[in-house]
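K.L.:
First the structure, which I've put down as structure tokens, then a few questions once you've had a look.
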Amino acid sequence: MVDIAKQSSGRTSARDIAVWDPLIRLIHWTLALTILLNGAFIEAESEMHEWIGYIALSLVGVRLIWGLIGPKHARFAAFPPSPARVSRHIKAMLRGDQTIHLSHNPLGALMTYNIWLTVIAIGVTGYMMTTLTFFGIDWVEEAHETIFGWLLFSIALHIAGVAFDTWRSGVNLVRAMVSGRKNIPQGREVE
Ligand code: HEM
Ligand code: HEM
């Protein structure tokens, strides 16, 4: 595999650029697995459900630390949550601009923060249900389930977004989340 002369920005003739480090990929697919297990397979009132929920929370916790100290494309600075960037990105897409983002594109960035916050909210309401203060309180249980509904909606949108951007950019994003590398078509701007 060829690495790249210019990884930060500008036009490049490189083919394969390393973007997602192994920890990002491990956290991504393990987090997806915990949500799948707790959402679809594990008895909700079991101890296993609680353990898996805490694993999901811990994965997000580690990822948030990684956002501060991890490699370049993993850092929050590479994908700040910014409505102004989203608006510029949408306008650029409408103009047919095919610039490729090495980290998350501005829309993907918003979805990423949304998913993390949502998982945290589910974990916190789940924990609350186990405390003396909130045990048996309806609104906490309802919040846990409603926020889970929001997570499902977000994940559907996330997968649709990944499919759309794979089509738009010509970069196979799922492959990148598996191998860690984005395959950039020749002569395209990267940022
Ligand atoms: C429960 C299911 C899922 C959850 C909670 C989830 C969550 C996330 C999160 C939080 C990120 C940001 C990663 C980071 O910066 O650390 C992400 C990125 C990504 N996810 Fe998922 N994901 C799920 C399922 C999937 C599935 C099924 C696919 C494949 C179709 C997928 C493909 C991707 C890709 C390609 C990226 C990187 C997008 C980019 O290049 O900007 N995800 N996902
Ligand atoms: C982030 C991961 C989590 C996900 C995706 C998740 C998902 C769900 C879902 C979908 C339900 C509703 C099941 C149903 O009634 O059909 C549920 C119920 C429940 N969850 Fe979680 N949960 C998570 C984390 C946790 C944690 C960390 C705890 C506690 C430590 C917890 C405690 C509970 C309890 C006690 C119920 C049963 C509520 C009832 O009485 O119906 N969950 N969870």
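The values are calculated or read from the model by the stated rules, or taken from the named source; none is laboratory data. The model shown is predicted, which means the values in this text are computed figures rather than measured ones. For neighbour counting, all protein chains shown are included, and Cβ atoms are generated from backbone atoms with ideal geometry for every residue, glycine included.
K.L.:
Suppose we filter Ala92, Ala44 for residues that are part of a loop (DSSP other than H, G, I, E, B), surrounded by fewer than 18 Cβ atoms within 10 Å (Cβ to Cβ) and aliphatic (A, V, I, L, M); which single one remains?
P.N.:
Numbers: Ala92 fails: part of a loop (DSSP other than H, G, I, E, B).
Ala44 is the lone residue from the list that is part of a loop (DSSP other than H, G, I, E, B), surrounded by fewer than 18 Cβ atoms within 10 Å (Cβ to Cβ) and aliphatic (A, V, I, L, M).
K.L.:
OK, next. Please find, within region 20-49, the residue that is nearest to Thr112 (Cα to Cα) out of those that are polar (S, T, N, Q) and within 11 Å of ligand 2 (Cβ to nearest atom). If you could, list the steps in order and put the result at the bottom.
P.N.:
Restricting attention to region 20-49, the residues satisfying the condition of being polar (S, T, N, Q) are 30, 34, 38, 46.
From the residues that got through so far, the ones that are within 11 Å of ligand 2 (Cβ to nearest atom) too are 34, 38, 46.
Numbers: Thr34: 17, Asn38: 20, Ser46: 29 Å.
For region 20-49, the residue satisfying everything is Thr34.
K.L.:
Taking region 68-84 only, how many residues are in a helix (DSSP H, G or I) and crowded, with 17+ Cβ neighbours inside 10 Å? Explain how you work it out, then say what you get.
P.N.:
Just the residues of region 68-84 that are in a helix (DSSP H, G or I), to begin with: 68-69, 72-74, 76-78, 83-84.
Filter again for crowded, with 17+ Cβ neighbours inside 10 Å, leaving 73-74, 78.
Number of matching residues: 3.
K.L.:
Are any of the residues in region 94-101 under 28 Å from Thr125 (Cα atoms) and either more than 9 Å from ligand 1 (Cβ to nearest atom) or at pLDDT 95 or above (or both)?
P.N.:
no
K.L.:
Which condition breaks for Leu151 when tested against (1) within 13 Å of the chain's Cα centre (by Cα); (2) closer than 21 Å to His101 by Cα?
P.N.:
Going through (1) within 13 Å of the chain's Cα centre (by Cα); (2) closer than 21 Å to His101 by Cα one by one, Leu151 breaks only (2).
K.L.:
Any idea which of Ile115, Ile120 is within 11 Å of ligand 1 (Cβ to nearest atom) and not in a loop (DSSP other than H, G, I, E, B)?
P.N.:
Values: Ile120 fails: within 11 Å of ligand 1 (Cβ to nearest atom).
Of the residues listed, the single one that is within 11 Å of ligand 1 (Cβ to nearest atom) and not in a loop (DSSP other than H, G, I, E, B) is Ile115.
K.L.:
Given the structure, is Ile100 touching a Ser or Thr at 6+ places or on another chain (Cβ under 7 Å) and within 16 Å of ligand 2 (Cβ to nearest atom)? Let's see the steps before the verdict.
P.N.:
Details: touching a Ser or Thr at 6+ places or on another chain (Cβ under 7 Å): yes; within 16 Å of ligand 2 (Cβ to nearest atom): no.
Against the criterion (touching a Ser or Thr at 6+ places or on another chain (Cβ under 7 Å) and within 16 Å of ligand 2 (Cβ to nearest atom)), Ile100 does not qualify.
K.L.:
What number of residues within region 50-67 satisfy the criterion of being near ligand 2 (Cβ under 8 Å from one of its atoms), touching a residue at least 60 places away in the same chain (Cβ under 8 Å) and buried (at least 16 other Cβ atoms within 10 Å of the Cβ)?
P.N.:
4
K.L.:
Could you say which residue among Leu117, Leu107 is within 20 Å of Gly67 (Cα to Cα) and either free of Cβ contacts under 8 Å to residues at least 24 places away in the same chain or of a type in the set (D, E, K, R) (or both)? Show your work before the answer.
P.N.:
On the way: Leu107 fails: either free of Cβ contacts under 8 Å to residues at least 24 places away in the same chain or of a type in the set (D, E, K, R) (or both).
Only one candidate passes the filter, namely Leu117.
K.L.:
Go through Ile35, Ile17, Ile4, Ile27 for me and flag whichever is at pLDDT below 95 and within 14 Å of ligand 1 (Cβ to nearest atom). Show your work before the answer.
P.N.:
On the way: Ile35 fails: at pLDDT below 95; Ile4 fails: within 14 Å of ligand 1 (Cβ to nearest atom); Ile27 fails: at pLDDT below 95.
That would be Ile17, the only listed residue that is at pLDDT below 95 and within 14 Å of ligand 1 (Cβ to nearest atom).
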